[in-house]
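Written out below as C-alpha cells is the structure these notes cover.
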Amino acid sequence: KTIYTQARSEFWVALITAAVVVLVGVEQGIILAMVLSLLDHVRRGYRPKNSVIVAREADGWRNAPVSSAAQFEPGLMAYRFSHSMYYANAEQFSEQVLELVNSADPKLEWFCLDAVAIDDVDYSAATKLRSTYGILKEKGVRMVFVLVSNEVREEFDRLGVTDLVGEDAFYATGDELLNAYHQRKQR
C-alpha cells in the first residue's frame with residue numbers, strides 16, 4: 001500500500017515481477033524486473049522536470065516552471081535541465097530552449113544552462129546542443145553554462161561543445177555568472 005501511494009510505477013514493476021516469479025520462475029522474474037526498471041528510467045528521462053531559475057527577494061534563487069518563462073534578470077534566463085542529456089530527451093531540450101528564447105520578454109542577451117543535474121551527455125544530445133547554440137547565436141543570444149561537473153565538462157570538451165561556445169562560457173557558481181553578466185557591457 002505504501003509503495004502504491006508513494007511510487008506508483010515502482011509498485012507496478014514489483015507487482016508484475018512478483019506475478020512472473022510465481023507463475024513462471026525466479027530467473028525470468030528478475031530479468032523482467034530489470035527490463036521494466038530500465039523502461040521506467042527511460043520514460044522518466046524522456047520528459048525530465050525542467051525549470052527556470054528565478055531570483056527570490058531575500059534568500060537567493062528558486063525554481064519556477066518552464067511555462068512561466070521567467071528571467072533571472074532582464075535579458076538573462078537560467079534554465080535547469082534535470083536529467084542526463086541523451087537521444088531520448090535531446091529534442092525536448094532543444095524545443096524548450098527555443099520556445100523560451102523566442103517568447104522571452106524582454107529579449108534575451110544570455111541564455112544559461114544550469115547543468116547541476118546533468119551527469120552525462122551522449123553524442124546525439126551534444127549534436128542537438130551544438131545546433132541549438134547555433135540558432136541562439138543567430139538570434140544574438142549568448143549561451144553560457146553554470147554548475148557543470150568535471151565529468152560533464154570533459155564530455156563537452158570531447159564532443160566539441162567547449163570549442164564552440166568558448167572556455168569563457170562556463171561559470172562555477174551563480175555569483176560568477178551574475179558578475180560576468182553585469183560586466184558584459186563594460187568589455
- request: Scan (1) part of a helix (DSSP H, G or I); (2) in contact (Cβ under 8 Å) with a residue 12 or more places away in the chain; (3) under 17 Å from Val52 (Cα atoms); (4) not polar (S, T, N, Q) for the single condition Glu95 breaks and write down its number.
  value: (2)
query: Can you find a residue in region 168-175 that is without any contact (Cβ under 8 Å) to a residue 60 or more places away in the chain, open to solvent by 40 Å² or more (accessible area, probe 1.4 Å), within 14 Å of Met77 (Cα to Cα) and in contact with a strand residue (DSSP E or B) (Cβ under 9 Å, 6 or more places away or on another chain)?
result: no
For Asp105: the one exception among (1) outside any helix (DSSP H, G or I); (2) of a type in the set (Asp, Glu); (3) buried (at least 18 other Cβ atoms within 10 Å of the Cβ): (3)
query: Considering region 71-98 alone, what residues qualify as being in contact with a helix residue (DSSP H, G or I) (Cβ under 8 Å, 6 or more places away or on another chain) and more than 19 Å from Phe145 (Cβ to Cβ)?
result: Tyr87, Ala88, Glu91
- prompt: (1) open to solvent by 30 Å² or more (accessible area, probe 1.4 Å); (2) in contact with a strand residue (DSSP E or B) (Cβ under 7 Å, 6 or more places away or on another chain): which one isn't true of Ala115, the others all being true?
  reply: (1)
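Suppose the filter is within 30 Å of Phe145 (Cβ to Cβ) and either at pLDDT below 80 or within 24 Å of the chain's Cα centre (by Cα) (or both); does Ser68 pass it?
Values: within 30 Å of Phe145 (Cβ to Cβ): yes; either at pLDDT below 80 or within 24 Å of the chain's Cα centre (by Cα) (or both): yes.
Spelling it out, Ser68 is indeed within 30 Å of Phe145 (Cβ to Cβ) and either at pLDDT below 80 or within 24 Å of the chain's Cα centre (by Cα) (or both).
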task: Please identify the pairs in which a residue from region 6-30 that is free of Cβ contacts under 8 Å to residues at least 60 places away in the same chain and at negative phi has its Cβ atom under 7 Å from the Cβ atom of a residue that is outside any helix (DSSP H, G or I) and open to solvent by less than 90 Å² (accessible area, probe 1.4 Å), counting only partners at least 6 apart or on another chain.
output: none
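Residue under question is Ile16, and the condition is that it be part of a helix (DSSP H, G or I), surrounded by 12 or more Cβ atoms within 10 Å (Cβ to Cβ), touching a Leu at 6+ places or on another chain (Cβ under 7 Å) and modelled with pLDDT of 85 or more; does it hold?
Numbers: part of a helix (DSSP H, G or I): yes; surrounded by 12 or more Cβ atoms within 10 Å (Cβ to Cβ): yes; touching a Leu at 6+ places or on another chain (Cβ under 7 Å): yes; modelled with pLDDT of 85 or more: yes.
Judged against the criteria, Ile16 is a match.
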- request: Just name the residue that is surrounded by the most Cβ atoms within 10 Å (Cβ to Cβ) out of those in region 121-158 that are out of contact with any Phe, Trp or Tyr (no Cβ under 7 Å at 6 or more places or on another chain) and assigned to a loop (DSSP other than H, G, I, E, B).
  value: Leu147
- prompt: Residue check: is Phe93 touching a Ser or Thr at 6+ places or on another chain (Cβ under 8 Å) and not hydroxyl-bearing (Ser, Thr, Tyr)?
  reply: yes
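Is one or more of the residues making up region 82-97 acidic (Asp, Glu), buried (at least 18 other Cβ atoms within 10 Å of the Cβ) and over 15 Å from Lys139 (Cβ atoms)? Before you say what the answer is, go through the steps one by one.
Initially, region 82-97 is screened for residues acidic (Asp, Glu), giving 91, 95.
Then keep just the ones that are buried (at least 18 other Cβ atoms within 10 Å of the Cβ); that gives none.
No - not one qualifying residue is present in region 82-97.
The values are calculated or read from the model by the stated rules, or taken from the named source; none is laboratory data. Values in this document were obtained by computation on a predicted structure and should not be read as measured data. In this analysis, Cβ positions are derived from the backbone assuming ideal geometry, glycine residues included, and neighbour counts consider all displayed protein chains. Just the protein is used for accessible areas: all its heavy atoms, side chains included, with ligands, DNA and RNA removed. Shrake-Rupley method; radii C 1.70, N 1.55, O 1.52, S 1.80 Å.
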